[in-house]
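**Student:** The structure follows.
Read-outs throughout are calculated quantities, based only on the coordinates presented, and are distinct from any laboratory measurement. Keep in mind that what you see is a predicted model, and the values were worked out from it rather than measured. Cβ placement follows ideal geometry from the backbone for every residue including glycine, while neighbour counts extend to all protein chains displayed.
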Amino acid sequence: DTGATFSKIPRSLAAKLGLEGKYETEVELGDKRIIKRKLSLAEIEIEEVRRPVLVAIGEEEERPVVGYTALELLGFKVNPITGKLEKAIPIEYGEKEKRLGEKGAN
């Protein structure tokens, strides 16, 4: 879900996987309400790429979601035309980019 920051799983799945909500944050829902969510570190795997990501622990009736930060950490993006996953190279800004605004930078 490219509109969701965090991935989300139901509470029962979190318990089954041994995930505890060690962190808490506020999130804005689609209807603009702001609620608190427990977060846990979990490993997510998509197309044989596995990485640790923060997942929100949702209510039982809420569907699981893979958020855009997980997609980015796993090296994927969603093609806005086809809606399909595509490989994406993560972006890293280094010292050269930081110096561009400095006097004498190329």
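**Student:** For region 1-40, which positions are within 18 Å of Glu61 (Cα to Cα) and in contact (Cβ under 8 Å) with a residue 40 or more places away in the chain?
**Tutor:** Correct list: Asp1, Ala4, Phe6, Ser7, Lys8, Ile9, Pro10, Arg11, Ser12, Leu13, Ala14.
**Student:** Also, I was wondering about something else. Only residues that are exposed (fewer than 14 other Cβ atoms within 10 Å of the Cβ), part of a loop (DSSP other than H, G, I, E, B) and either in contact (Cβ under 8 Å) with a residue 12 or more places away in the chain or not aliphatic (A, V, I, L, M) (or both): list them for region 48-87, please.
**Tutor:** Glu48, Glu59, Glu60, Glu61, Glu62, Arg63, Pro64, Asn79, Pro80, Thr82, Gly83, Lys84
**Student:** Output the residues belonging to region 26-47 that are surrounded by 15 or more Cβ atoms within 10 Å (Cβ to Cβ) and not in a strand (DSSP E or B).
**Tutor:** None - no residue of region 26-47 is surrounded by 15 or more Cβ atoms within 10 Å (Cβ to Cβ) and not in a strand (DSSP E or B), so the list stays empty.
**Student:** Can you find a residue that is within 11 Å of the chain's Cα centre (by Cα) and hydroxyl-bearing (Ser, Thr, Tyr) anywhere in region 40-47?
**Tutor:** No.
**Student:** Val65 passes all but one of (1) in contact with a Leu (Cβ under 8 Å, 6 or more places away or on another chain); (2) within 23 Å of Arg11 (Cβ to Cβ); which number fails?
**Tutor:** (1)
**Student:** What number goes with the only condition from (1) within 16 Å of the chain's Cα centre (by Cα); (2) surrounded by fewer than 10 Cβ atoms within 10 Å (Cβ to Cβ) that Ala4 does not pass?
**Tutor:** Here Ala4 clears every test but (2).
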